[in-house]
C-alpha cells in the first residue's frame, strides 16, 4: 500500500516567522495505530484511534551556495518527534506510555534539498520567492524508551541521545512529483509530498482506504525556535501536527500552486 507524506520545512536566507495556520481545506481522516503490536504491550499502548499526530521539529538547514545567478542551493535534515495524539474530532489523547522511561516513542527522520529563487516575483500584490525540492526522503520509526531516561533528539537529524532499544521502521517515503513551496511576503509556505511505502502493517490498524492518501505536516514557529548562524539555521522545538487528509486527486490537487500558498492552507518555518 502507498500513501503520501507532506513535510513542510523550507529554506530562506533570513529569519522568518509564520502566522497561525489557517483552517485546512479538507477534514483530517481518522486512522488507527497499534504501537503495542510492534513493541509489545509492556512498553507501548494500542490500538489508538487518532485524527493527527502532535509533533516537534528538530532540524538543521544549510545554505549550500548559489545554484544559479538567481537561486541558492539548500539542504535540510532533522527529526519530527511525535509528542502526542489528537483523537477523532481533534480532542487531545493522553497516552501514559508515550515518551516516558520504559515506555515508547515515535519519530519521523527526514532529509532533503533543492534550490530557492533569490529573484522575487509579484503575484496579486504578494512578493513570492519560489522554492523547489529536488530530493526529500523520510522514515517513520517506533522504539522502546530506555528505563530511567527519555530519549532526546538533536537537530543534526542523526543523533538520538539516550536511545532506547528495538527501533522498528514503520514506513519510508520519497519525493513525489507534485507539490509547491515558496516564501510569500517573507513567510515560508508549502505543500510538499512523499510517496510512502508501509513497512510494518501491524502498526497501521487502519489507514484511509484510497489508493493514495496524504499525511500533511503543519508547523508553526516562535522566535525561541529558530537559531540562525550565518549559512546555517537550527530549528529546535517547533511544534505542529501531522494528519492524513484526502488524497490530492480528490481535492483537485488541493488547488496546488501559488493559489494554495497565497490562501495560507499550510504554513511552516524556516
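What follows is calculated from the coordinates using simple rules that are stated; it is not laboratory data. The structure presented is a predicted model; accordingly, all values stated were derived computationally and were not measured. Don't worry about glycine lacking a Cβ; one is built from the backbone with ideal geometry, like all the others, and counts go over all protein chains shown.
Grab the beta carbon distance between residue 30 and residue 94, set R0 = 25 Å, and tell me the FRET efficiency rounded to 0.05. After rounding, the FRET efficiency stands at 0.90.
Here, P(r) means the percent of Cα pairs in each 5 Å bin from 0 to the largest distance; for the stretch 84-157 it is 3, 12, 13, 13, 13, 11, 11, 11, 7, 5, 2, 0. Dividing the radius of gyration of the alpha carbons in the stretch 58-106 by their Kirkwood radius gives 1.30 for Rg/Rh. Here the peptides 116-123, 59-66 are ranked by packing, the mean other Cβ count within 10 Å, and the order with the highest first is 59-66, 116-123.
Figure legend: label point modelled 7 angstrom from the Cα of residue 169 along Cα→Cβ; residues of the stretch 70-100 with amide N under 20 Å from it are 77-82.
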